[in-house]
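The values are calculated or read from the model by the stated rules, or taken from the named source; none is laboratory data. Remember, predicted model here, so these are calculated numbers, not experimental data. Neighbour counts run over all protein chains shown; Cβ positions are idealised from the backbone, glycine included. Heavy atoms of the whole protein, side chains included, go into the accessibility calculation; ligands, DNA and RNA do not. Shrake-Rupley method; radii C 1.70, N 1.55, O 1.52, S 1.80 Å.
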Amino acid sequence: MGIKKYISKNKLGLVLTDKKFSELTTMKVGGLIKNLYYPVSVENLIKVVEYLHKKRMKYFVLGNGSNIIASDKKFLPVVISGKHLMKSIDFSDNEFIVGAFMDLRIVIAKLVEKQISTLTNLAGIPATIGGAIVMNAGAFKSLISDNLLWVKYIEKGKLYKKNIDELSFGYRTSQFKKDNIVILEAAFKIIKDNETIFNYRKILETRREKQPLNYPNSGSIFKNLDMIKAYEVIKKIELVESPIGGAKFSKLHANFIINFDNATSKDVYKLILLAKKLANEKENINLVEEVILLNFPKKYIK
């Protein structure tokens, strides 16, 4: 039985066949998705993931699409979006539990209202909680994993709940950055700070001043290196404001590619490959993507 028929027959949510990644990602590029699945409950989601694993069908979990650059080709694996799931935060004395598909910006705004400074350093990042955990998102010398207590997730069709000391995180990566994993919810420490509101506003202001938020983008394209920032490398190889099609590295933040004029995925991808090539040839530096390149060929586009 096909996935669309299985979901419809068992009333497990909605499947759309007419959506493109360009509608669902912040870079606003990307091709048609064969099956886009919207569960209406976590229970529905678990059943569908178990079915996909049993049938050995590939799938991809999409949050806010803020670090995804998908190719213009049709995407065949099932794409799972939690956009229609009920969203809430549960508070106790020392921790709060939050669903993985909640928008990080909304979560932080609710925390700030309660003078909770946990996650404040990530203010303004247009990710979901789950997406931020997968990438171990960080800013201002702090990572999302710093105050993480536990994560509940599905891996290969089985449900797990593991404490932070059982989990593996690195710089802009985690053990969740693999196929067949769906994060469901997570718990964080509650940290109180009298400066929470001030710091929150200051961080948002800094982002507005230093990032090209008025254009579609996917945030930082490359990871920083030990001895040099990625944006400094882009400046050194003189790629700032040098467009390929409708895409270019921003003058405001050189590690951001902006879609300034109806760019295609191919435009963005070719610019990324050119940056990697020039950095290697001119500076002997290997740039590594922070964004996820989805459905692209392994070889260079000619």
>> Projecting each Cα onto the charge dipole of the chain (Lys/Arg +1, Asp/Glu -1 at the beta carbon, about the Cα centre), which of VAL49, LEU204, ILE69 comes out farthest on the positive side?
In response: VAL49
> Hey, if you put +1 on the Cβ of every Lys and Arg and -1 on every Asp and Glu Cβ in the chain, which of PHE101, ILE228, LEU271 ends up farthest toward the positive end of that dipole?
Replying inline: LEU271
> Counting Lys +1, Arg +1, Asp -1, Glu -1, what net charge surrounds GLY246 among other residues with beta carbon under 12 Å of its beta carbon?
Replying inline: +2
> How much accessible surface does GLU195 have with a 1.4 Å probe, in Å² rounded to 10?
Replying inline: 90
> Tell me, what is the 1.4 Å probe accessible area of ILE164, in Å² to the nearest 10?
Replying inline: 60
> Of all accessible surface on segment 1-112 at a 1.4 Å probe, what whole percent is carbon and sulfur?
Replying inline: 52
>> Run the Debye formula on the Cα coordinates of segment 209-302, all scatterers equal and no solvent, and tell me log10 I(q)/I(0) at q = 0.15 1/Å.
In response: -0.52
>> Between HIS84 and LYS235, what's the calculated FRET efficiency when r is the beta-carbon distance and R0 is 30 Å? Round to 0.05.
In response: 0.10
> With N residues in the chain, what two-decimal value do you get for its Cα radius of gyration over 2.2 N^0.38 Å?
Replying inline: 1.01
>> How much length would be gained if the chain were fully extended between ARG201 and GLN115, taking 0.36 nm per residue of separation minus their Cα-Cα distance, in nm to one decimal?
In response: 29.7 nm
> For the modelled label position 7 Å from the Cα of PHE140 along Cα-to-Cβ, which residues of segment 173-192 have backbone nitrogen atoms closer than 15 Å?
Replying inline: 191-192
> Given charges of +1 on the Cβ of Lys and Arg and -1 on the Cβ of Asp and Glu, with all other atoms neutral, how large is the dipole of segment 39-182 about its Cα centre, in debye to the nearest 20?
Replying inline: 720
> To the nearest Å, what is the center-to-center distance of segment 32-56 and segment 211-230, using C-alpha atoms only?
Replying inline: 32
> Once you treat every alpha carbon in segment 118-163 as an equal point and sum by Debye, what is log10 I(q)/I(0) at q = 0.19 Å⁻¹?
Replying inline: -0.63
> What does the convex hull of the Cα atoms of segment 180-220 come to per residue, in Å³, rounded to a whole number?
Replying inline: 139
> What aspartates and glutamates sit close enough to LYS161 to cross-link, taking a C-alpha to C-alpha distance under 14 Å and skipping anything fewer than 8 places away on the same chain?
Replying inline: GLU185
> Once phi is turned into ³J(HN,Hα) by the Karplus curve 6.51 cos²θ - 1.76 cosθ + 1.60 with θ = phi - 60°, what whole-Hz value does each residue of segment 64-75 show in order, with x for glycine and proline?
Replying inline: 8, x, 7, 10, 10, 10, 9, 6, 7, 6, 5, 9
>> Students sometimes get this wrong: rank ARG105, ARG56 by accessible area, probe 1.4 Å, all chains present, largest first.
In response: ARG56, ARG105
>> For segment 101-207, what are Rg and Dmax over the alpha carbons, in angstrom?
In response: 13.9, 43
> So which DSSP H runs in the chain come out at 15 Å plus along the axis (Cα) with average Kyte-Doolittle of at least 0.0?
Replying inline: 42-54
> Roughly how many Å² is the accessible area per residue of the chain, as a whole number, for a 1.4 Å probe?
Replying inline: 51
> For the pair ARG56 and LEU32, what calculated FRET efficiency results from E = 1/(1 + (r/R0)^6), where r is the Cβ-Cβ distance and R0 = 30 Å, to the nearest 0.05?
Replying inline: 0.85
> Within straight cross-link reach of LYS114, meaning Cα distance under 20 Å, which lysines are found once same-chain residues fewer than 8 apart are removed?
Replying inline: LYS87, LYS189, LYS192, LYS202
